[in-house]
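Engineer: Before we start, here is the structure in question, set down as structure tokens.
Every number in this text was worked out from the coordinates using simple rules, so none of it is lab data. The shown structure was predicted, so the numbers you read here are calculated from the model rather than taken from an experiment. Cβ placement follows ideal geometry from the backbone for every residue including glycine, while neighbour counts extend to all protein chains displayed.
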Amino acid sequence: MDIKDVKKVTIAGCGTEGSQISSMVAYKGFETTVWLRSEGSIDRAKPRLESVRKQILGELDAWKADRGEYCRGLSDEKDLTDEQIDQLRAQAEERLSHICLTTSAEEAFSDADVVIECINEDPAQKRAFYEKISGIMPEKTLLLTDSSTFLPSTFADATGRPDRYMTLHFANQIWRNNLTELMRHDRTSDESFELAEQFSHAIGMVPLKLNKEQPGYILNTLLIPWFKAAMCLVASGVTDPATVDLCWELDTGARPDQTPFRKIDKVGLPLALKIISMEPGADDPSTPAGMMVALLKSYVDAGKTGIAVDEGFYKYDENGNVIK
């Protein structure tokens with residue numbers, strides 16, 4: 001199968017990553033379906049998709065208004081006229097309103113050209129999901145996982161199509177941070193790897209190819225120690241999130257939204273909590289990992305799970321801007 005043959009794309013799950021991926025896939029013109037487990041999941045997905053829609057439209061409006069930094073994922077060209085940006089905005093309004101949400105596995109997977117799995121980072125749930133859809137997907141379907149912690153070889157057999165299965169890992173705010181990490185396992189076919197690369201380009205991403213399996217891939221191998229260092233400073237009482245972020249901004253010249261705790265809010269505190277909970281000593285409140293777990297859990301338990309719900313370590317307005 002070539003990229004020109006890819007028309008229908010299904011995303012399984014609609015959390016922080018699933019809502020962004022499905023929105024970008026739809027924005028780029030693919031017929032987009034989001035599969036969810038229950039009607040309750042659909043109800044929770046709708047405001048997430050609306051939040052992403054507002055962020056994308058807000059980025060286009062800001063680009064037109066001040067001609068500042070543009071979002072690489074939204075356009076291949078930087079020097080567009082006001083009329084061309086208006087056309088992109090109209091495209092976003094129209095296409096993002098046609099994302100199909102369904103709980104029917106038959107509807108979601110029976111004719112999909114590409115499936116992107118974004119369900120919970122739980123091996124039992126992932127394995128059960130792959131086994132559930134293996135008999136529904138047609139032979140042509142390329143199956144991709146956005147897992148941020150597991151290697152594709154872990155689930156290759158459960159998919160029933162190891163040669164057409166691999167990782168396509170996204171960053172966050174993918175319309176701006178438009179990268180994908182392509183990681184194969186030892187049975188992924190060259191054809192599948194090439195199609196994943198072509199698909200990445202087609203949805204506005206820059207594909208970064210890994211030569212072999214690596215826990216954490218490239219991005220999280222770099223990010224997680226950074227997150228841990230920032231959280232440990234706060235969890236141990238050394239300082240507060242805003243001060244850590246200000247220090248990073250002043251010393252590195254990073255944009256305010258590229259500081260540690262702002263990035264954690266974008267990733268989502270539940271995912272950060274899951275990752276830190278895997279650390280040695282995470283169940284001991286006297287250890288650094290235990291203190292970080294307690295810090296994150298206090299926010300998650302209060303419903304402050306990140307920018308997707310307008311509050312994490314910071315409060316956000318409807319456009320994703322920090323409320324001072």
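Engineer: Bin width 10 Å, alpha-carbon pairs only: give the P(r) of the stretch 173-265 as whole percents, running from 0 to the bin holding the largest distance.
Structural biologist: 14, 35, 27, 18, 6, 0
Engineer: Ok, one more. If you line up the Cα atoms of the chain on their principal axes, what length do they span on each, largest first, in Å?
Structural biologist: Dimensions of the chain along the principal axes of its Cα atoms: 55, 51, 40 Å.
Engineer: What ³J(HN,Hα) values, in whole Hz, does the Karplus curve 6.51 cos²θ - 1.76 cosθ + 1.60 give for the stretch 105-112 when θ = phi - 60°, with x put for Gly and Pro?
Structural biologist: Along the stretch 105-112, the couplings run 5, 4, 5, 6, 10, 5, 9, 7 Hz.
Engineer: Among Gly18, Gly237, Gly216, determine the one that fluctuates most according to a GNM of the chain built with springs between C-alpha atoms less than 10 Å apart.
Structural biologist: Gly237
Engineer: If you line up the Cα atoms of the stretch 86-135 on their principal axes, what length do they span on each, largest first, in Å?
Structural biologist: Largest to smallest, the principal-axis extents are 45, 24, 18 Å.
Engineer: Could you give each residue of the stretch 197-206 its phi-based ³J(HN,Hα) in whole Hz, using Karplus coefficients 6.51, -1.76, 1.60 with θ = phi - 60°, and x for Gly or Pro?
Structural biologist: Result, ordered by residue: 5, 5, 5, 4, 4, 5, 9, x, 9, 9 Hz.
Engineer: Could you estimate the translational diffusion coefficient of the stretch 69-215 from the Stokes-Einstein equation, with Rh from the Kirkwood formula over C-alpha pairs, at 20 °C and 1.002 mPa s, in whole µm²/s? Mind dumping the intermediate values first?
Structural biologist: Values: Rh = 16.6 Å.
Rounded to a whole number, D works out at 129 µm²/s.
Engineer: Label Glu106 and Ala90 with points 7 Å out from Cα along Cα→Cβ: what is the distance between them in nm?
Structural biologist: The modelled label-to-label distance comes out at 4.0 nm.
Engineer: To continue, here is another question. Of all DSSP beta bridges in the chain, what percent run antiparallel (nearest 5)? Show your work: numbers first, answer last.
Structural biologist: On the way: 7 of 30 bridges.
Antiparallel: roughly 25 percent of the beta bridges in the chain.
Engineer: What residues have an amide H closer than 5 Å to that of Thr188, excluding those fewer than 5 places away on the same chain, when H is modeled at 1.01 Å from N in the peptide plane?
Structural biologist: Amide H neighbours of Thr188, under 5 Å, 5+ apart: none.
Engineer: Further, regarding this structure: Looking only at Cα atoms, what is the convex hull volume of the stretch 220-309 per residue, in Å³?
Structural biologist: Numbers: hull volume 8.1 nm³, N = 90.
Normalising the Cα hull of the stretch 220-309 by residue number yields 90 Å³.
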